[in-house]
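Each value in this text was obtained by applying a stated rule to the coordinates, not by laboratory testing. Nothing here was measured: the structure is a model prediction, and the numbers come from that model. As a convention, Cβ positions derive from the backbone with ideal geometry for all residues, glycine included, and neighbour counts pool all protein chains shown.
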Amino acid sequence: MMAAIRTVQLSRNVFSKAVFGRNFSLSVPVSAQMTVRDALNSALDEEIDRDERVFLLGEEVAMYDGAYKISRGLWRKWGDKRIIDTPITEMGFAGIAVGAAMAGLRPVCEFMTFNFSMQAIDQVINSAAKTLYMSAGQVQVPIVFRGPNGAAAGVAAQHSQCFAAWYSHCPGLKVVSPYSAEDARGLLKSAIRDPNPVVVLENELMYGHSFEVSDGILSPDFLIPIGKAKVEREGSNITLVSHSKHVGICLDVAKELNEDGISCEVINLRSIRPLDFDTIKESVKKTHHLISVEGGWPQSGVGAEILACLSESDAFDYLDSPAVRLTGADVPMPYAATLEQTSLPQSHNIVGAVKRVLGIQ
Amino acid sequence: MASIRHFCRFARSLKPSYYSSKPIIQSTRTFSVTSWHRQLYEEEEKPQFPGAKSAGYMKKLEFIKPNQYDGIPTYRVLSRKGEILEADQDPNLDEDYVVRMYKAMTTMNTMDKILYESQRQGRISFYMTNFGEEGTHVGSAAALDGGDLVFGQYREAGVLMWRGFKLDQFMNQCYGNTLDVGKGRQMPVHYGSQELNFYTISSPLATQMPQASGAAYALKRAGKDLCVVCYFGDGAASEGDAHAALNFAATLDVPVIFFCRNNGYAISTPTHEQYRGDGIASRGHGYGIYSVRVDGNDVFAVYNATKAARNIAIKESRPVLIEAMTYRIGHHSTSDDSSAYRSVDEVHYWDKQDHPISRLRNYMMSQDWWDADKEKAWMVETRENVMQAFQKAEKSLKPSPTELFADVYDEMPKRLQQQHEEMKRHVEQYKEYYPSEIYEPFRS
């Protein structure tokens, strides 16, 4: 759906891409295209270059370039010291990363998918997230846990779940969930430079998507502050708040509804924790309606948190109708393609919800 | 979980040429065509499989039996009477150093008795004694450099004491008062000191093991002549983390000493229910790392083994596994009553017949460095020191309520700052309901 309105240009070489962008920008600021994959790859490359302490470890990240090719070319460029293949034991290599961080390095720990991070969740939460507090500020754990999160395609129950709510539940962690190439670059770079443990939830289905990127975004100094949402599209009738892949679906819906005279404001959360509730609140005060959209499950989810914050805030009185959550279905992901599709919020679900909330037939 | 991985492996297998050119494979498997060629003409052909260091082919089927080899011997230097068994194994430590070792072991023993009692009296919530394992702590700590990084499990107070953690600091941690470097955040005995390179104890079992391998990787990269020392128990060795730690330390070639305190019990689980093999040291061979078993109640044997292991770890940049055999004389913790699973006679045997403290005392007496009078005077002095620290800690103020909000993130987020201000106002408004006088004040 979203691909239909975007020019999908698969770029396989981020380095030449970046050079390309600069060459063209000499006269007229023509934006380059960049895939989310290349955005992540270039962010890793630049941060490894910038800081001697940064290194990437995970299963097949070196010789194989990563299961999803996020680390393409990095091992050949940086060698065994900075790009490390690990044995298959998430708990083990997450622990190794935590120890390396405790001892002064800045590891980027790739989970082949976040589904496998459940094997390592004790290291992520009980060690990485809590050590600063438990050591009374003595031991910092500057670490990034990253990898694809949420439903992919046809990989069924155990490979199709969103960990945004799981990790954002825990104090001591920061959790970001990029949508675009801009988000991916800026958030990953900020995550690597952050002194706290940061969970970077990518989306496999977005890796190949291209986005327009300006020179500013391609700059090695480009950072996106963790804890700030982005208003992707301004609107006046209703606020759609989402993260990751579903931001794109919301933008498509906003465009479609605009033709019917409904003006949607679309907020891309970018960070799940800290949650930028101020941006949501200000938007609701303007639009008086809110729908949250996510791929994760409903109970105690990201949308549940947003709606709870809303009901506790002064913006609650600005609502003209109850706020609504659109979430993944409350079931383990079915394998059948049609069922899989209907288990996740789609355009028509959002369109229907918007009309219901606004009382439009 | 397997499906995606298998797909990836499959994809890899499609592209053999891509991998065959990678130097890393060639460097680890020196496979020379000429030597292989030569083998063809030799009568005794040798297997060339990349996954094994095979000595040859076997023409009759034979399994390796678990009892095929004799058990691993236990290295010791001192007899139970405190005599040096082989003169060339004497570490030749001078009187001051040995007396310092003895004083550390006995001070910890005294501290344990007092803190254990204080828990029974309800003064602190929890405690774990180190009874019987003093030799493993002090023997190993005395052989290390202060700059070596220690990743402990939870029963290594003697290591920290040797490094210079003061009695006051132990007491302050157990009381969680405002002087505790840990700000009262953790249960008692979860000590940590950045200054002394002792990472804060974490409760989940064996998580320190892969962390130690990671820290050793950081040391290797820094190119320092230091190593990591990772303490763990016979029970922790069964955790998956232990496997990852040992295997990865071996393949990364990092300077780390894995020091197993095999004290016979993992809470109530005896070692004969914990594993079927020959202890923990036997696993070293499987991981391709140096390993040794020592008598943990012989402080000199522990010292020699740790010193040699440190040399290997640093000079050759590789892991070493030490299994120190000892016995946990105390209960697992104050939450445990070990009389439910072991006999008083068994405990009594180790306490009276094979105690690391009495063995070292016998040695010191044989050298005329120690006698009954010195012992009596020292026991009075050390008890006095412990009691003073204990009383001071008990009287100290509790940490500032501001600490409730600090250190979760490097900088306190706005939401927490707001909560902090709110709490300050609240406590100020209702001060008659809060015992503010026993706390450090709020910080701004």
Amide H partners (placed H, <5 Å) of A:V175, local residues excluded: A:V199, A:I272, A:R273
Principal-axis tilt of helix B:414-429 within chain B, Cα atoms, nearest 10 degrees: 20
Between B:K113 and B:Q367, what FRET efficiency follows from the Cβ-Cβ distance if R0 is 22 Å, with the result rounded to 0.05? 0.20
Which of A:C264, A:C309, B:C260 comes first, and how do the rest follow, when ranked by fewest Cβ neighbours within 10 Å? A:C309, A:C264, B:C260
Neighbour-count ranking for A:E110, A:E312, B:E375 (other C-beta within 10 angstrom, fewest to most) reads A:E312, B:E375, A:E110
Could you tell me which of rounded, prolate or oblate describes the protein assembly as shown, using a ≥ b ≥ c as the square roots of the eigenvalues of the alpha-carbon gyration tensor, with rounded for a/c under 1.5 and, failing that, prolate when a/b is larger than b/c and oblate otherwise? oblate
Could you work out the helix-only [θ] at 222 nm for chain B, with each DSSP H run of four or more residues adding -39,500 (n - 2.57) and the total divided by the number of residues, to the nearest 500 deg cm²/dmol? -13500 deg cm²/dmol
Quick one: of the DSSP bridges fully inside chain B, what percent are antiparallel, nearest 5? 15
If you average the sequence gap of Cα pairs under 8 Å that are 6 or more apart and divide by the length of chain A, what percent do you get for the contact order? 16
With a ≥ b ≥ c from the Cα gyration tensor eigenvalues, square-rooted, and the rule rounded for a/c under 1.5, otherwise prolate when a/b > b/c and oblate otherwise, the range A:230-358 is oblate
Least to most buried among A:V324, A:V266, A:V302, by other C-beta atoms within 10 Å and fewest first, runs A:V324, A:V266, A:V302
So in the range A:2-218, what percent of DSSP beta bridges are antiparallel if you round to the nearest 5? 20
I want to check the label-to-label distance for B:K166 and B:K398. Put each point 7 Å from Cα in the C-beta direction and report it in nm to one decimal. 2.5
Per residue of A:158-171, what is the mean number of Cβ atoms on other protein chains within 10 angstrom of that residue's Cβ? 1
Gyration tensor on Cα atoms of chain A, a ≥ b ≥ c root eigenvalues, a/c under 1.5 rounded, else prolate if a/b beats b/c, else oblate, says prolate
For peptide B:217-228, the mean count of other chain Cβ atoms within 10 Å per residue Cβ is 3
What residue among B:H272, B:H243, B:H426 shows peak mean-square fluctuation when chain B is described by a Gaussian network model with Cα springs under 10 Å? B:H426
Taking the mean number of other Cβ atoms within 10 Å as a proxy for protection, how do you rank B:379-386, B:190-197, A:352-359, B:68-75 from highest to lowest? B:190-197, A:352-359, B:379-386, B:68-75
Counting other chain Cβ atoms within 10 Å of each Cβ in B:406-414 and taking the mean gives 6
Using only Cα atoms, find the angle between the long axis of helix B:240-252 and the longest principal axis of chain B, and express it within 0 to 90 degrees, rounded to the nearest 10. 60
Rounded to the nearest 10, the angle in degrees between the Cα long axis of helix A:36-50 and the longest principal axis of the Cα atoms of chain A comes to 40
For B:D295, what charge total do you get from the other residues with a beta carbon under 10 Å from its beta carbon, if Lys and Arg give +1 and Asp and Glu give -1? +2
Give me the percent relative contact order of the range B:87-395, please, defined on Cα pairs under 8 angstrom at least 6 residues apart. 23
Could you work out [θ]222 nm for chain A from helices alone, using -39500 (n - 2.57) per DSSP H run of at least four and dividing by all its residues? Round to the nearest 500 deg cm²/dmol. -10000 deg cm²/dmol
Antiparallel as a % of all DSSP beta bridges within the protein assembly as shown, to the nearest 5? 20
Per the 1/(1 + (r/R0)^6) rule, R0 = 30 Å and r from the Cβ atoms of B:S339 and B:Y275, FRET efficiency to 0.05 is 0.75
